[in-house]
Amino acid sequence: MKKCICALFSFILVLTSSFAETIQYGNKWYISSGQGFLASPAGLYELGCNVSDAKVESEAIYVISRDGNKVTAKLGGKELTDFSKNDRTNPTEVLAAFFASYFNQIEDWKKYVSPQFHKIRINNIEEDWEEFYGLADFISISFSPDDFDSATGYYTVNINGSYQGETFDGEDEVTLCQDAKTHLWYISELPR
């Protein structure tokens, strides 16, 4: 038995001396200098990663951004290009499709606006574009299904961007309403 343990330990030493080894000390990770378990602290190279600061982007998070004229829509870091088949009974998909077309300033965004008082809502949203969204050099809206309160129709969104060299970052609400007959969701009000 003792011979088996010694042989196994020798095999591990040979194996680890052939490959790069990562070692965690506290909250930091290091790469050894190739001397396996026998590496001294002087032979460790720090990795640029702090475990407590590591962020994992949820697959459910939508990020819609506009940088100049370029609009990008992502879901969990993966770029989205087609909203034509989005589920209009899903408020998260409606919000993502709305902002993707709104930031592109194509007429599509109007179909996501509440039919009740439609003309008033369209005018208000066009004013919002001129007063806030259209003036930003860069703007990004992010949200996930967890940010929606179906009882009130409030969708909490994170907004960040820049305007004339000044950056801004905050939280606000978009209001959605659901049609009782069709169960489709619509935008009622944007942050102002």
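The values are calculated or read from the model by the stated rules, or taken from the named source; none is laboratory data. In this text the structure is predicted, and so the values were computed from the model without any measurement. Don't worry about glycine lacking a Cβ; one is built from the backbone with ideal geometry, like all the others, and counts go over all protein chains shown. When the accessible area is computed, the model is the full protein with side chains, heavy atoms only, and any ligands, DNA or RNA have been set aside. Shrake-Rupley method; radii C 1.70, N 1.55, O 1.52, S 1.80 Å.
Annotations
- When the range 162-192 is filtered for residues that are part of a loop (DSSP other than H, G, I, E, B) and among the hydroxyl-bearing types (Ser, Thr, Tyr), only Thr182 remains.
- Selection within the range 164-192 - among the hydroxyl-bearing types (Ser, Thr, Tyr) and open to solvent by less than 90 Å² (accessible area, probe 1.4 Å): Thr175, Thr182, Tyr186, Ser188
- Residues that are over 24 Å from Arg66 (Cβ atoms) and surrounded by 15 or more Cβ atoms within 10 Å (Cβ to Cβ), drawn from the range 149-163: Gly153
- For the range 84-120, the set of residues classified as among the aromatic types (Phe, Trp, Tyr) and touching a Ser or Thr at 6+ places or on another chain (Cβ under 7 Å) consists of Trp109 only.
- Filter result (open to solvent by 70 Å² or more (accessible area, probe 1.4 Å), under 20 Å from Asn158 (Cβ atoms) and free of Cβ contacts under 8 Å to residues at least 40 places away in the same chain) within the range 105-148: Leu135
- Some residue of the range 129-143 being within 19 Å of Pro91 (Cα to Cα) and among the aromatic types (Phe, Trp, Tyr): yes
- Among the criteria (1) more than 18 Å from Gly76 (Cα to Cα); (2) without any contact (Cβ under 8 Å) to a residue 60 or more places away in the chain; (3) among the polar types (S, T, N, Q), the one Asn160 does not fulfil is (1).
- For the range 74-94, a residue qualifies if it is open to solvent by less than 80 Å² (accessible area, probe 1.4 Å) and either touching a Pro at 6+ places or on another chain (Cβ under 6 Å) or of a type in the set (Asp, Glu) (or both), and the qualifying residues are Asp87, Thr92, Glu93.
- Residue under evaluation Ala100, criteria (1) within 14 Å of Pro191 (Cβ to Cβ); (2) in contact with a strand residue (DSSP E or B) (Cβ under 8 Å, 6 or more places away or on another chain); (3) of a type in the set (A, V, I, L, M, F, W, C), criterion not met: (1)
- Where a residue in the range 169-181 is touching a residue at least 40 places away in the same chain (Cβ under 8 Å) and its partner, wherever it lies, is open to solvent by less than 50 Å² (accessible area, probe 1.4 Å) and among the small types (Gly, Ala, Ser), with Cβ under 8 Å and at least six apart: Leu176/Gly153; Leu176/Ser188; Cys177/Ser114; Cys177/Gly153; Cys177/Ser188; Gln178/Gly153
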